[in-house]
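*Asks:* Supplied in structure tokens, the structure appears directly below.
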Amino acid sequence: MQTLKINTRQMVAEARQRIEEVETSDLIRMVDDPNVVIVDIRDIRERQRGGFIPGSFHAPRGMIEFWIDPDSPYFKDIFAQDKKFVFHCASGWRSALTVATLQDMGFEAAHLKEGFSTWEKQGGPVERMEESS
């Protein structure tokens, strides 16, 4: 087994020291703000199982860097808007790493500190996917 120079816990801790973290209660208050784009980077199966924040934009974690880069053939227009972007995953680890990477690229964003795991518990609205017959 290889010895890692840094583990994921350390990577997340380092990312969190240099990015903006949004508390769940604060993002709940921002959910209807037209100047805020909430980006869900969880796997589609996570959204299907647990629901999602209404109005959130789903962007698979593996495509984020390409979707925000205007020079990429995969660029998505939503990321050209002059708005506040708040990324989230389930627990805040993936989104912390994502936002640190995007910040390195020059794209300003924040992330939901505790992820979707605390969203519904704190009264955040949840939309569920309709079951297919």
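*Asks:* Where the second residue is open to solvent by less than 40 Å² (accessible area, probe 1.4 Å) and of a type in the set (S, T, N, Q) and the first is closer than 12 Å to residue 54 by Cα and lies in segment 111-130, which pairs have Cβ atoms under 8 Å and are six or more apart or on separate chains?
*Replies:* Final answer for the pair search is 119/24; 124/24.
*Asks:* In addition: Kindly list the number of the only condition in (1) free of Cβ contacts under 8 Å to residues at least 60 places away in the same chain; (2) farther than 17 Å from residue 37 by Cβ; (3) open to solvent by less than 70 Å² (accessible area, probe 1.4 Å) that fails for residue 58.
*Replies:* Condition not satisfied by residue 58: (2).
*Asks:* The conditions are (1) exposed (fewer than 15 other Cβ atoms within 10 Å of the Cβ); (2) in contact with a Ser or Thr (Cβ under 7 Å, 6 or more places away or on another chain), and residue 64 fails exactly one of them. Which is it?
*Replies:* With respect to (1) exposed (fewer than 15 other Cβ atoms within 10 Å of the Cβ); (2) in contact with a Ser or Thr (Cβ under 7 Å, 6 or more places away or on another chain), residue 64 is out only on (1).
*Asks:* I'd like the residue in segment 5-37 that is in contact (Cβ under 8 Å) with a residue 60 or more places away in the chain and either in contact with a strand residue (DSSP E or B) (Cβ under 7 Å, 6 or more places away or on another chain) or within 20 Å of residue 81 (Cα to Cα) (or both) and, out of all such residues, is most open to solvent (accessible area, probe 1.4 Å).
*Replies:* Top of the filtered list is 20.
*Asks:* Please tell me if residue 131 is more than 18 Å from residue 23 (Cα to Cα), at pLDDT below 95 and either acidic (Asp, Glu) or open to solvent by less than 20 Å² (accessible area, probe 1.4 Å) (or both). Lay out the reasoning, then the answer.
*Replies:* On the way: more than 18 Å from residue 23 (Cα to Cα): yes; at pLDDT below 95: yes; either acidic (Asp, Glu) or open to solvent by less than 20 Å² (accessible area, probe 1.4 Å) (or both): yes.
Yes; evaluated as a whole, the condition is true for this residue.
*Asks:* When segment 83-108 is examined, which residues are found to be touching a residue at least 60 places away in the same chain (Cβ under 8 Å) and more than 16 Å from residue 46 (Cα to Cα)?
*Replies:* 86, 96, 97, 99, 100, 103
*Asks:* In addition: What do you reckon, is residue 41 closer than 16 Å to residue 94 by Cβ, touching a helix residue (DSSP H, G or I) at 6+ places or on another chain (Cβ under 7 Å), modelled with pLDDT of 95 or more and surrounded by 14 or more Cβ atoms within 10 Å (Cβ to Cβ)?
*Replies:* Details: closer than 16 Å to residue 94 by Cβ: yes; touching a helix residue (DSSP H, G or I) at 6+ places or on another chain (Cβ under 7 Å): yes; modelled with pLDDT of 95 or more: yes; surrounded by 14 or more Cβ atoms within 10 Å (Cβ to Cβ): yes.
Yes: the conditions hold for residue 41.
*Asks:* Do we have residue 91 as open to solvent by less than 70 Å² (accessible area, probe 1.4 Å), farther than 22 Å from residue 125 by Cβ and at pLDDT 95 or above here?
*Replies:* Numbers: open to solvent by less than 70 Å² (accessible area, probe 1.4 Å): yes; farther than 22 Å from residue 125 by Cβ: no; at pLDDT 95 or above: yes.
When the stated conditions are applied, residue 91 does not pass them.
The values are calculated or read from the model by the stated rules, or taken from the named source; none is laboratory data. Just so we're clear, the structure is a prediction, and the values are computed from it rather than from any experiment. Glycine also receives a Cβ, built like all others from the backbone with ideal geometry; neighbour counts cover every protein chain displayed. Surface areas here come from the heavy atoms of the whole protein model, side chains and all, with no ligands, DNA or RNA. Shrake-Rupley method; radii C 1.70, N 1.55, O 1.52, S 1.80 Å.
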